[in-house]
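Undergrad: Questions regarding the structure given below will be posed in turn.
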Amino acid sequence: MNPPLTLYLAAPRGFCAGVDRAIKMVELAIEKWGAPVYVRHEIVHNKFVVDNLREQGAIFVESLDDCPDDRPVIFSAHGVPKSVPAKAAERNMVFVDATCPLVSKVHIEAERHYQNGLQMIMIGHEGHPETIGTMGQLPDGAVILVETASDVAAITPNDPEKLAFITQTTLSVDDCAEIITALRARFPAIIGPHKEDICYATTNRQASVRAIAPKIDALLVIGAPNSSNSRRLVEVGKTAGCSYSQLIQRASDIDWRSLKGITSIGITAGASAPEILVNEVVDAFSNRFDTSIEMIETAKENISFKIPKILRESR
């Protein structure tokens, strides 16, 4: 007889509106222009999704230099530096920007502050495509990047009275708050966004993990190793009291030996992980345990973003 296990499913989890839109955009582009359609960088950070789109005719590249002039190219949901669409236009390429509208909002914010004579500080992870894209909206050297609260002490802005900050949309809400506190303490005149830049999906997924963490022996976050929001969910789980919090890409990654003897487990998924992978993990537990499933829902999401006109028009 299988041992009993309570499986807590966090909600919301999985795809956010920006990811959903970006994936649809690649599919519609293939439908409209035929294969191949080029995508600069992984459209979203998830191997299953990327492999699926590759099978349909998407070719993923890291640079515009790897794209021919005569095929359409799509820019990933993370956003790109301004130089990328400028270069595509120079080459007369057909290009479609799948940048998440909530990331585009941060781009607009950065530009507005810069035009108003403020130096920008960005809270984000160095090397992450979203950070590169956002910092690339302004001239080289115009944005100071801080990753931790301790970084704040080391920065030397041009004028401490003329500063504004923006953030990556997929940060840990708690870590970000700590960095903002440090910025405000050191630079009281600093201007921040009216509403925080961390997106609704990141905030909601972290809140649902916080809600289930005290109830569980272990937490599995379904997501890719290069997915910032998925990795933050693992950190939030640990901070909220669940010491065994692990990131897995799919059911085959579950370390069953480490889970021996558990009676409760929490499952969530990063914003770029499809529900099919959640079901696969739930099934894997149902095969080994006598599972009872409890849904812990902390918010309802009904946001959707419009597909660009070029992809809504027929051929």
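Undergrad: Scan 130, 109 and give me the residue that is charged (D, E, K, R), under 16 Å from the mean Cα position of the chain (by Cα) and modelled with pLDDT of 95 or more.
TA: Details: 109 fails: under 16 Å from the mean Cα position of the chain (by Cα).
Answer to the selection: 130.
Undergrad: Let me ask another. Does at least one position in the stretch 150-162 carry a residue that is surrounded by fewer than 16 Cβ atoms within 10 Å (Cβ to Cβ), closer than 27 Å to residue 237 by Cα, touching a residue at least 40 places away in the same chain (Cβ under 8 Å) and out of contact with any strand residue (DSSP E or B) (no Cβ under 6 Å at 6 or more places or on another chain)?
TA: Checking the stretch 150-162: not a single residue is surrounded by fewer than 16 Cβ atoms within 10 Å (Cβ to Cβ), closer than 27 Å to residue 237 by Cα, touching a residue at least 40 places away in the same chain (Cβ under 8 Å) and out of contact with any strand residue (DSSP E or B) (no Cβ under 6 Å at 6 or more places or on another chain).
Undergrad: Mind listing just one residue for me: the one in the stretch 133-166 that is among the acidic types (Asp, Glu) and over 15 Å from residue 113 (Cα atoms) and, of those, modelled with the lowest pLDDT? Walk me through how you get there before you give the answer.
TA: Taking the stretch 133-166 first, the residues among the acidic types (Asp, Glu) are 140, 147, 151, 159, 161.
From what is left, the residues that are over 15 Å from residue 113 (Cα atoms) are 140, 147, 151.
Values: 140: 92, 147: 97, 151: 97.
If we take residues in the stretch 133-166 being among the acidic types (Asp, Glu) and over 15 Å from residue 113 (Cα atoms), then 140 is modelled with the lowest pLDDT.
Undergrad: Return yes when residue 79 is in the same structural domain as residue 22 (by TED's automatic domain parsing) and on the phi > 0 side of the Ramachandran plot and no when it is not.
TA: On the way: in the same structural domain as residue 22 (by TED's automatic domain parsing): yes; on the phi > 0 side of the Ramachandran plot: yes.
Answer is yes for this residue.
Undergrad: Can you pull out the residues in the stretch 250-269 that are among the hydroxyl-bearing types (Ser, Thr, Tyr) and more than 25 Å from the chain's Cα centre (by Cα)? Give the derivation first.
TA: First, pick out the residues of the stretch 250-269 that are among the hydroxyl-bearing types (Ser, Thr, Tyr): 252, 258, 263-264, 268.
258, 263, 264, listed by residue number.
Undergrad: Tell me, which residue of the stretch 196-217 that is surrounded by fewer than 19 Cβ atoms within 10 Å (Cβ to Cβ) and of a type in the set (A, V, I, L, M, F, W, C) is farthest from the chain's Cα centre (by Cα)?
TA: 211
Undergrad: Kindly list, by first and then second residue, each pair from a residue in the stretch 291-305 that is of a type in the set (Ser, Thr, Tyr) to a residue that is not in a loop (DSSP other than H, G, I, E, B), limited to pairs with Cβ atoms under 6 Å and residues at least 6 apart or on different chains.
TA: 291/5; 291/7; 291/285; 292/6; 298/207; 298/208; 298/211; 304/17
Undergrad: When you look at residue 246, is it part of a strand (DSSP E or B) and touching a residue at least 24 places away in the same chain (Cβ under 8 Å), yes or no? Full working, then the answer.
TA: Values: part of a strand (DSSP E or B): yes; touching a residue at least 24 places away in the same chain (Cβ under 8 Å): yes.
So residue 246 passes the test.
Undergrad: Could you please find all residues in the stretch 263-279 being crowded, with 16+ Cβ neighbours inside 10 Å and either without any contact (Cβ under 8 Å) to a residue 24 or more places away in the chain or assigned to a helix (DSSP H, G or I) (or both)?
TA: Result: 277, 278.
Undergrad: Within the stretch 97-112, how many residues turn out to be touching a Phe, Trp or Tyr at 6+ places or on another chain (Cβ under 9 Å) and in contact (Cβ under 8 Å) with a residue 60 or more places away in the chain?
TA: Keep residues of the stretch 97-112 that are touching a Phe, Trp or Tyr at 6+ places or on another chain (Cβ under 9 Å), which gives 97-102.
Going one step further and asking which of them are in contact (Cβ under 8 Å) with a residue 60 or more places away in the chain, we end up with 97-98, 100-102.
Total meeting the criteria: 5.
Undergrad: Please report, ordered by residue number, the strands (runs of 3 or more DSSP E) entirely within the stretch 56-143 with at least 1 residues that are farther than 20 Å from residue 44 by Cα and touching a helix residue (DSSP H, G or I) at 6+ places or on another chain (Cβ under 8 Å).
TA: Working: elements: 58-61, 73-75, 95-97, 119-123.
Because the criterion is at least 1 residues that are farther than 20 Å from residue 44 by Cα and touching a helix residue (DSSP H, G or I) at 6+ places or on another chain (Cβ under 8 Å), the strands (runs of 3 or more DSSP E) in the stretch 56-143 that meet it are 119-123.
The values are calculated or read from the model by the stated rules, or taken from the named source; none is laboratory data. Keep in mind that what you see is a predicted model, and the values were worked out from it rather than measured. Positions of Cβ are backbone-derived with ideal geometry, glycine not excepted, and every protein chain shown enters the neighbour counts.
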